[in-house]
Structures are given as C-alpha cells and as structure tokens.
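Single-structure report; data block below.
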2 protein chains.
Amino acid sequence: MEHPENDAQYKGLTVNAGIVQPDSVSPYLKNRPRRKREVLSVNDYVEGILKGNITILSQAVTLVESLRPDHQVLAQEVIEKCLPYAGKSVRIGISGVPGAGKSTSIDAFGIHVLKEYGGKLAVLAIDPSSERSKGSILGDKTRMERLSVHPDAFIRPSPTAGSLGGVARKTRESIVLCEAAGFDKIFVETVGVGQSETACHSMVDFFLLIQLAGTGDELQGIKRGIMEMADGIVINKADGDNIEPARLAASQLRNAIHIFPTPESGWTPHVLTYSGFFGNGIKEIWDMVYSYIAFVKENGYFDYRRNEQSKYWMYESIHERLRDNFYQNPLIESMLQDEERAVLEGRISSFIAAKHLLDAYFEKKL
Amino acid sequence: MEHPENDAQYKGLTVNAGIVQPDSVSPYLKNRPRRKREVLSVNDYVEGILKGNITILSQAVTLVESLRPDHQVLAQEVIEKCLPYAGKSVRIGISGVPGAGKSTSIDAFGIHVLKEYGGKLAVLAIDPSSERSKGSILGDKTRMERLSVHPDAFIRPSPTAGSLGGVARKTRESIVLCEAAGFDKIFVETVGVGQSETACHSMVDFFLLIQLAGTGDELQGIKRGIMEMADGIVINKADGDNIEPARLAASQLRNAIHIFPTPESGWTPHVLTYSGFFGNGIKEIWDMVYSYIAFVKENGYFDYRRNEQSKYWMYESIHERLRDNFYQNPLIESMLQDEERAVLEGRISSFIAAKHLLDAYFEKKL
C-alpha cells in the first residue's frame, strides 16, 4: 500500500497535520489518479531528514517499514547515514492496557512537554496486532486532537508488518530517523498486554506504565512482569469519585514496590495519580520523568542502558534470524509437528526431539 | 574426573549415604589404585534403575553429566528407555538466596514429607556456579544430616558442567532417571540469584521461594522477577525475636501479591512463616504444597504446565544449539568483537552489525 504522504501533491496535508493516516484522506483525493512517485536517492532522504523535512522523514519511515528488499537496502543506507545525528533525544515508553486512556494521556503529556520544555516530539508505536485491527493504537486521530495538529509533533502509527520482532525493529529504526530530523523527545506507545512491553522497554530511557485503579485490591489489567519494568507508574482517571480509589491504589503500589530492592538504575519507581482528561497531575509526572533523566545521566546509568540496548538489539536480531532460518527450513517444517507430538506423548525426551531436528537441519546445511 | 561411586568398591558407601560427594572420600581411599570400572550396557542401567538400585541410578546420573560423546549417546538411550516409567512424581523447586537456610530447610522438609506421605525423595540441584565454588549447594553434607542418612532419600549435588543451559538440562534428565527409579518426590534446589530460577521453574510443578525477613521494609535478597514465579513464599527463621519481623514481612508480601491478578494456575501464592532449624511451621508449608497439587490436578493446570515445560525444553534446546553453532563459528568469533564495538560507538546500527555477522555465517555455511 502506498501512503498518501509519499505523493508530492499531499505534502501540504502531512506537514500541517504531522499525522500519517491513510484512512483520513478524503474519498475525493483517494480516487484521483496519483502522480508517479519520484524516487529519492539516499542523499535526498538524508538531507531532507537532517533539515527536519517532515514529508521526507515520513517517506523514509515508510521505506523502513517496507517489505520490499530494495527498499530495505535503501532504508539501511539512510539509517546508517543518520546514525551520527541520532541518539540525542529522550525516549519515553508509554504503556497501558486498552481503556487506560493512553491516547488522551499522550495528547496531554505531549502538549505539556512541548510547552514546558520546547523542542520537537515524535510519537511512535509498537503494536504487532495492528495489522489485524488496522491500527488499534494511534489510529484514532481524534483522541490526540491537540497533538495531531501541533506543528512540532510528528505522530506515526505502529508498523504493521509481521512479527513483534519485525515491528519493534522498524520502530527502533524510525527512532533513529526522527532523532536525526531533530526530534528531541520520542514517545513510544505500546498496548500493555505483554511482549510488546519488553520490546518497548529495550528501546527507551524511561518506561512509564499507565494504570487504572481497579475494583477491590487489584489493579486492572496489570500483567505480571510489566510492573517490574516500569520506571514510573501513573494511575489515570484520578478525578471525581475516582480520586480516592486512585490514591489508595497508588499507596498500595508504593508499598508493593518498596518490598523489592532498588533497581539497577538506583531509582525507585515513583507512583503518581493524574487525570489525562482534566489535565490534573500532568506536571508532576513530567517533573518526575525529567528528574529521573537527570539522575541517571549523573550516575552514568543513562549511557549504560543505551549501550546495553544496542547490544540487546544486535544479539536479538541475530537470534531471530537464526530461528527464522531454522523454522522456515522445509525439512524442519515437515518434521516439527511430529517431534513435538512425540514429546507431548512422552515417547521421546525434549532433548532427543531437539537433537533429531538439529541433526536434520545441520546435515542438510553443511 | 571419575566419581568414586562409579567404582564398585565404594558401592556400600554411596548406597548407605545416598550422597555423591567426591570430596568426602577419605585420603586413604582416594590414593588407592582404582579397579577398572565395569562397563554397563543400556539394559543394565535401565534394569538397575527400574529396580530402584541407587548405585546404578547414581552411575546413570554420572553418565548423564559426563561430557564424553560416547557417554552422552549411552545416556540418551538410557533416558529414552526410562521415559515411559517417569513423570509420576511431584516436582518441587526450592529456591532462596545464600543464607536463607536452604539446606537446613530441605533437611526438615524432606524428613517431614517422607514421614507424612511415605515414598522416596530425590534432592537434585541446579547451580551453574558450582564448578568454580566446588559444590556450593548440597555440598555440605552436614547441613542435611538427617536426610543424608535416610534410606529413602537420594541427594545429588548440582552437575558442574558448563553453562546454565547445560547444567539445567542434566538436572532435568536426572529427574527422569530418579522418577523411573521410583522416586515420587523430587526437590530441585537452586541458589536464588536469577537465571537458575527460570530454569528450575521450568521443570517443577511447584516453585517454593525461601525468604528472610529483612531490615526495614525490604525482603533480603529477593530478586525482581523471581517472586512472580513462586507458587508459595515461605519466610524462614521465624523464631525467637524474629517471629514478629517475619510475620510483618509475610503480611507485606501478601498485600503485594494481591495487587497482581491471579496467576494462570488459578492459585494465588500463599505466604507462610516457619523455622527450619526449630521445625515450626513445616507441616503448614507441606499442607499448602499438597493442596496446590490437588488443586491444579483437579483444574487441569498440572498436566498443562508439564506439557508446556516439555515444549519449552525442546525449543530451548534447539535455540541453544543454534546459538552455540553460530558463536562457536571461527569466522563469527573473529568478527564479533569489532561489530559490537562499532555498534557501541554508534558507527553502525545494531541491525547492520547483525546483518554483517549473519551474512558471513550463512554464506560460509550454504
């Protein structure tokens, strides 16, 4: 699918809105014959990005997301040339289950940080489910109504191609492009239902978890393992009758957190309440985030974490490709189900099954 | 290194003690010339194991732990023949940081379950550090003084060979042999410092975490992520002046646990206090463990978890071997450091570095 922002005639639209949302193009524009897209060279892309040209940035992100091998080669060259100009932003992961009010919150957060700290904000996303649900996050432009028309904001839905690994990789590469284009604040949104959080956590400097006060003692929808990734937990919808339940939940969470030893960063996660809709408590959240950033830049953890993340992605990419190559091997595909069944029925051990498959794979290979 | 129990003349020793501890052999015995070991056939091993012969079981475990390729082939055949007789035990993982009193507790736990429930108990371990520390767990026989002389207990230190994956695999294979030998209770001890717990968790039916009440609010030494694996948490040394702090810690932990949603098993982890040394609270712990087992056998989670574990080990073995094959490739070994440095210095992206390595690997391979 060709994104409308790739076509020169729509440039005005995308620059103003800062949103890349094919579905928002009017039927009239959709049905007009498109002009053949001019092919940009690597240098065109890089120059455009470094000048902060949103249209070209947008096209480059589309290139990164493309599955076409020639696009991928081009994209890697663009990324490599942008790398020296990247890395200077503050990257914030924002997660929360559906219904926690992520979009409204991100709208409020974005407007706040742009007003208070200036600069430029890019909002990206990791949502491997978006292919099926056609952009379940960042898809509904109306939920970020202020940010979507802000001249210093760039909002981009989740890449829709394939596996979590693939989607996350594209988001991480888009971060590089956005940073080279002068975006000094990056939000990465995830859906809050599990593995996407690990991927998001491994590309941001601060991981913010949005929660709701639940019924009874439980926090609604919190997943095991996710709370431990959070550098800050914020409880949304602390307004009206819900202020007290939100405060109670915050206090319970603080107690729970204090049972654990201090994380590697030396920073004990803060728990705050706010209302994304009414805009209460937003300032306190971002004071907290920026205190954290100052704290970890001072103690060296900021750079340490970024280096660890770079290594993580290198090794993760290697392991993903090794696994893909194995499981996509026709011989393995034909054997796998039977071996798994034999293991589940207790006929052979897990290790023998693995050995059968590996022997077949390497014998064929070598 | 040849374990003394492999030599026929020491059989009496190991059968009585149920312990395999090379260092506990007297200098006199150590210096005597050894008789050539008789080579057992696969059928000898299997028959001996199925008869519950501890000496042969012990030799088979040594075979599983051996790094010699011919031993490994033999071991796999023995395991495969034992598989139909395995799986009928209750497997309990027991973890806790050094100083939590694991050995004293396991001694008390073991004596309790053998007295109350009968049957036979095997105590195995996963401790990848034991090669360096020469058996840091299960090494000190005196700490399990009652269990180590119990006729229905078999205590075996951690395999010492290599990586966590290798050590864990050997422990998991030893479980099969012990079960085939009629051990219907298996304890798997780990050191409580991180990754070993994941490995242990993935081979047991119940994961028991031993804690100490710490100073202030914090539980001493609890690691992030480990608490979430626990099906039960027990706070040791609840005796004398420490009863109140232990109870307080238990109550804080219970509150923390209730914030999370109920685990997949449908069982909310219990938190209890006890004294391994004085033997208080032991009965309550094992009533709890056996309630859990009854509960998950009833709701189907017991079998589900075992199946998931079998699959986990099959895929884990595959991925480990794929990675080993990659990183042990001389070409990759020669390139890896430079690529990683280039990534850390921001010269190339993580994905490009991965690509360089993968291209070199697969080009060489195919």
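The values are calculated or read from the model by the stated rules, or taken from the named source; none is laboratory data. If you're wondering where the values come from, they're calculated on a predicted model, not measured in any experiment. Neighbour counts are summed over all protein chains in view; Cβ atoms, including those assigned to glycine, are modelled from backbone coordinates with ideal geometry. The area values use the complete protein model at the heavy-atom level, side chains included, leaving out ligands, DNA and RNA. Shrake-Rupley method; radii C 1.70, N 1.55, O 1.52, S 1.80 Å.
A few remarks follow.
- Restricting attention to the range B:316-353, the residues being of a type outside the set (Val, Ile, Thr) and under 14 Å from residue A:325 (Cα atoms) number 6.
- Residues that are crowded, with 17+ Cβ neighbours inside 10 Å and assigned to a loop (DSSP other than H, G, I, E, B), drawn from the range B:239-298: B:239, B:260, B:265, B:267, B:269, B:274, B:276, B:281
- Yes/no for residue A:357 being crowded, with 18+ Cβ neighbours inside 10 Å and either of a type in the set (Asp, Glu) or part of a helix (DSSP H, G or I) (or both): yes
- Considering residues of the range A:299-309 that are without any contact (Cβ under 8 Å) to a residue 60 or more places away in the chain and not in a loop (DSSP other than H, G, I, E, B) only, the residue surrounded by the fewest Cβ atoms within 10 Å (Cβ to Cβ): A:303
- Answer residue from the range B:67-85, given it is open to solvent by 20 Å² or more (accessible area, probe 1.4 Å) and touching a residue at least 40 places away in the same chain (Cβ under 8 Å) and is farthest from the other protein chains (Cβ to nearest Cβ) among those: B:67
- Filter result for residue B:354 (out of contact with any Gly (no Cβ under 7 Å at 6 or more places or on another chain), more than 8 Å from chain A (Cβ to nearest Cβ) and closer than 30 Å to residue A:171 by Cβ): no
- Residue A:106 being surrounded by 24 or more Cβ atoms within 10 Å (Cβ to Cβ), of a type outside the set (Lys, Arg) and in a strand (DSSP E or B): no
- Whichever residue in the range B:87-103 is under 17 Å from the mean Cα position of the chain (by Cα) and open to solvent by 10 Å² or more (accessible area, probe 1.4 Å) and, among such residues, is farthest from the other protein chains (Cβ to nearest Cβ): B:103
- Flag if residue B:341 is of a type in the set (Lys, Arg) and under 30 Å from residue B:104 (Cα atoms): no
- Among the residues making up the range A:241-287, those that are β-branched (Val, Ile, Thr) and modelled with pLDDT of 90 or more are A:243, A:268, A:271, A:273, A:282, A:285.
- Matching residues in the range B:163-195 - criterion: being out of contact with any Lys or Arg (no Cβ under 7 Å at 6 or more places or on another chain), more than 14 Å from every other protein chain (Cβ to nearest Cβ) and closer than 20 Å to residue B:314 by Cβ: B:163, B:164, B:195
- Residue that is modelled with pLDDT under 95 and within 13 Å of residue B:186 (Cα to Cα), where the choices are B:138, B:124: B:124
- For first residues located in the range A:229-248 and within 20 Å of residue A:288 (Cα to Cα), partners that are of a type in the set (Lys, Arg) and in a helix (DSSP H, G or I) and lie 6+ apart or on another chain with Cβ distances below 8 Å form the pairs A:238/A:247.
- Residues of the range A:310-351 that are within 8 Å of another protein chain (Cβ to nearest Cβ), more than 34 Å from the chain's Cα centre (by Cα) and assigned to a helix (DSSP H, G or I): A:339, A:343, A:344, A:350, A:351.
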